[in-house]
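The values are calculated or read from the model by the stated rules, or taken from the named source; none is laboratory data. Fair warning: this is a prediction, and the values are worked out from it, not measured in the lab. Neighbour counts run over all protein chains shown; Cβ positions are idealised from the backbone, glycine included.
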Amino acid sequence: MNGAWGENAARIYLERKGYRTRETNFRTRFGEIDIIAEHGEYIVFVEVKTRKNDRFAPARAFVTPAKQQRITATAALWLRQHPTGKQPRFDVVEVYGEQGAAQAPRICHLENAFGG
């Protein structure tokens with residue numbers, strides 16, 4: 001499965017919804033954030049999960065509590081480096097499909113996916 005393809009599909013989807021991409025693939029010693037975007041009053045840290053389908057489990061099931069902790073720690077570092085008055089939020093974008101398929105991918109956007 002091509003993760004970069006799914007991340008690009010997610011970025012385009014979010015931009016069409018009015019999100020402004022600030023950064024992609026932000027990496028630190030803690031982990032990586034696929035997409036960092038602004039939307040209204042929020043700075044949104046997006047984890048993208050790409051799968052062929054959801055027969056086994058929804059893609060969001062693979063964003064484990066440990067993964068959430070790594071993303072949160074990475075986001076804290078990004079916020080220290082890029083001060084903003086915007087409220088942080090953690091979203092998950094599920095992308096179902098295959099690169100090169102005739103059918104467009106199915107995308108499910110879960111806002112505030114880490115709860116709270």
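Numerical summary
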| read-out | value |
| --- | --- |
| Output for the range 1-59, where each listed residue is within 18 Å of Gly97 (Cβ to Cβ), surrounded by 15 or more Cβ atoms within 10 Å (Cβ to Cβ) and of a type in the set (A, V, I, L, M, F, W, C) | Trp5, Ala9, Ala10, Leu14, Ile35, Val46, Val48, Ala59 |
| Filtered residues of the range 28-43 (kept if of a type in the set (Phe, Trp, Tyr) and in contact with a strand residue (DSSP E or B) (Cβ under 6 Å, 6 or more places away or on another chain)) | Tyr42 |
| Lone qualifier among Gly40, Gly31, Gly85 - being of a type in the set (Gly, Ala, Ser) and within 22 Å of Ile107 (Cα to Cα) | Gly40 |
| So Leu110, is it in contact with a strand residue (DSSP E or B) (Cβ under 7 Å, 6 or more places away or on another chain), over 20 Å from Lys17 (Cα atoms) and at pLDDT 90 or above | no |
| Whichever residue in the range 60-77 is touching a strand residue (DSSP E or B) at 6+ places or on another chain (Cβ under 7 Å) and not β-branched (Val, Ile, Thr) and, among such residues, is surrounded by the most Cβ atoms within 10 Å (Cβ to Cβ) | Ala75 |
